[in-house]
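Trainee: Please read through the structure below; I'll follow up with questions.
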Amino acid sequence: MSIYSDSDLKLLVAQLKEGNQQAFECLYRVHSKALLANIRNLVRDNEIASEILQDIYLKIWEIRNTIDLEKSYKGFLYTVARNMVYDYLRKLALDKKKRSELISKTLEVYTHIEEGLILKEHEKLLSEALGQLSLQCQKVYSLSKFEGKSHQEISQLLNISISTVNNHMVKSNRQIRAFFLQNSELSWFVALLATTAVL
């Protein structure tokens, strides 16, 4: 149960809309645990679920000025979440039938349907971070993140074990997040994720 009353939460949302980082952190702690559980139930992968959660809250921060204070913040949050999970599942699907099954499952959980919102502002930083990875890590990360391939597919394509793929992904994610922590204006947010054991 939240330690905040409804009026407290409304005030926090208003402060978030104005760019208050403390309000953002409080709202993150109120909703992130339940949201992460929902995402994990859909994607069936703890690491992927945590990454999607991070992307969701980065997006919330970026579009905070679009929040409608007359509407439910939780509904707004879950709409963004639904779109991002949908995007992940769409990339993951190997054929139309599988995609249809995954999308149907998503719609059962996230009923607020709006156009997906895509992170673009940090593409340059991501490109720079990728350039600091080893060539093998770059290959594995690109196949996973940009081409939507599963760890098993990557294992077969690169002729390496699935555990090696996992190790490369963990290493890549750690290095990329460290790079963002040092170079991004949202470094305080990455630090917040680290302290709450989402990373």
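Trainee: Kindly indicate the residue of region 14-60 that is among the acidic types (Asp, Glu) and part of a helix (DSSP H, G or I) and also farthest from Asn166 (Cα to Cα) among those meeting that condition. Lay out the reasoning, then the answer.
Mentor: Restricting attention to region 14-60, the residues satisfying the condition of being among the acidic types (Asp, Glu) are 18, 25, 45, 47, 51, 55.
Restricting the remaining residues to those that are part of a helix (DSSP H, G or I) gives 25, 47, 51, 55.
Values: Glu25: 30, Glu47: 10, Glu51: 14, Asp55: 20 Å.
Of everything passing the filter in region 14-60, Glu25 is farthest from Asn166 (Cα to Cα).
Trainee: Return the residues of region 69-107 that are modelled with pLDDT of 80 or more and not in a helix (DSSP H, G or I); say none if nothing qualifies.
Mentor: Those that are modelled with pLDDT of 80 or more and not in a helix (DSSP H, G or I): Leu69, Glu70, Lys71, Ser72.
Trainee: Right, here's the next one. Quick one: would you say Leu119 is at pLDDT below 85, surrounded by 12 or more Cβ atoms within 10 Å (Cβ to Cβ), assigned to a loop (DSSP other than H, G, I, E, B) and not charged (D, E, K, R)? Give the steps one after another, and end with the answer.
Mentor: Working: at pLDDT below 85: yes; surrounded by 12 or more Cβ atoms within 10 Å (Cβ to Cβ): yes; assigned to a loop (DSSP other than H, G, I, E, B): yes; not charged (D, E, K, R): yes.
Considered against the rule, which asks whether it is at pLDDT below 85, surrounded by 12 or more Cβ atoms within 10 Å (Cβ to Cβ), assigned to a loop (DSSP other than H, G, I, E, B) and not charged (D, E, K, R), Leu119 comes out as yes.
Trainee: Out of region 136-160, which residues are surrounded by fewer than 15 Cβ atoms within 10 Å (Cβ to Cβ), outside any helix (DSSP H, G or I) and among the polar types (S, T, N, Q)?
Mentor: Once the filter is applied, which keeps residues that are surrounded by fewer than 15 Cβ atoms within 10 Å (Cβ to Cβ), outside any helix (DSSP H, G or I) and among the polar types (S, T, N, Q), region 136-160 yields only Asn159.
Trainee: Select from region 129-159 the residues that are in contact with a helix residue (DSSP H, G or I) (Cβ under 7 Å, 6 or more places away or on another chain) and farther than 21 Å from Tyr88 by Cα and write down the one among them that is modelled with the lowest pLDDT.
Mentor: Ala129
The values are calculated or read from the model by the stated rules, or taken from the named source; none is laboratory data. Everything quoted here is computed from the prediction, not taken from an experiment. Cβ coordinates were reconstructed from backbone atoms using ideal geometry, including for glycine residues, and neighbour counts include every protein chain displayed.
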